[in-house]
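Heads up, the thing below is written out as structure tokens.
The values are calculated or read from the model by the stated rules, or taken from the named source; none is laboratory data. Since we're looking at a predicted model, the values are computed, not measured. Neighbour counts are summed over all protein chains in view; Cβ atoms, including those assigned to glycine, are modelled from backbone coordinates with ideal geometry.
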Amino acid sequence: MDEKVRLKGTPIKRFDETITVERSSTAKYAWTAGQAISRFLVELKKGKLIGRRCNKCRRILIPPRMYCESCFRATDEWIYVEPIGTVNTAVVSYITTTREKLEKPLIIAVIEIEGTGGSGLFHYLEGVNPEDVINRKVFGMRVKAVWKPEAEREGSINDIKYFVPITGGEEK
Ligand SMILES: [Zn+2]
């Protein structure tokens with residue numbers, strides 16, 4: 001083959017020959033949490049837990065949803081519930097959500113909110129021994145929400161700091 005034949009096209013350039021352009025973007029966007037979760041977040045900021053009741057299956061959906069996936073129909077009404085529940089399941093985590101090692105392990109639980117017919121929140125559990133989680137002693141334990149001070153709330157599930165056990169004789 002003739003060494004002098006040059007193929008058509010753009011030859012690959014060395015990196016230091018490439019042209020770079022710097023620019024910054026000012027993209028603006030809005031995002032909606034949707035009708036049900038928006039109300040849920042607004043109520044959390046007020047220190048209240050709200051769900052949607054389905055009048056057919058009688059469940060209260062927490063977090064709320066505008067549609068009952070069990071009955072295939074729209075849910076009927078907003079209803080406040082007490083921020084108390086039962087630990088359905090829990091795990092002990094020794095790492096953060098960004099995988100850094102923790103000195104003090106986190107306990108994450110699924111808490112079935114009382115009176116909802118099976119709706120639950122995924123949240124932190126404090127005031128229990130991690131060993132009691134590993135030994136499953138916390139399962140079925142009644143717990144209550146501990147809220148952030150009102151001035152620190154921002155309309156987030158983390159406006160509830162964590163759940164703690166309800167100790168003997170205590171109602172809420
Ligand atoms: Zn239903």
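Out of curiosity, is A74 closer than 21 Å to R142 by Cα and modelled with pLDDT of 95 or more? Answer is no for this residue.
Kindly indicate whether any position in the stretch 98-108 is within 16 Å of the ligand (Cβ to nearest atom), among the basic types (K, R) and touching a strand residue (DSSP E or B) at 6+ places or on another chain (Cβ under 7 Å). Checked against the condition, which is being within 16 Å of the ligand (Cβ to nearest atom), among the basic types (K, R) and touching a strand residue (DSSP E or B) at 6+ places or on another chain (Cβ under 7 Å), the stretch 98-108 yields no hits at all. Among the numbered conditions (1) part of a loop (DSSP other than H, G, I, E, B); (2) closer than 30 Å to T167 by Cβ; (3) within 15 Å of the ligand (Cβ to nearest atom); (4) of a type in the set (G, A, S), the only one that G51 does not meet is (1).
So which residues in the stretch 90-140 are more than 19 Å from the chain's Cα centre (by Cα) and in contact (Cβ under 8 Å) with a residue 60 or more places away in the chain? Matches in the stretch 90-140: G117 only.
Being crowded, with 17+ Cβ neighbours inside 10 Å, among the hydroxyl-bearing types (S, T, Y) and over 20 Å from P130 (Cβ atoms) is a property that does not hold for T98.
The set of residues in the stretch 54-86 that are within 15 Å of the ligand (Cβ to nearest atom), surrounded by 13 or more Cβ atoms within 10 Å (Cβ to Cβ) and of a type in the set (D, E, K, R) comprises K56, R59, R65, R73. Could you go through the stretch 19-42 and let me know if any residue there is in a strand (DSSP E or B), at pLDDT 95 or above and under 21 Å from the mean Cα position of the chain (by Cα). No: zero hits. Listed by position, the strands (runs of 3 or more DSSP E) contained in the stretch 80-165 that have at least 2 residues being aromatic (F, W, Y) are 120-124, 160-165.
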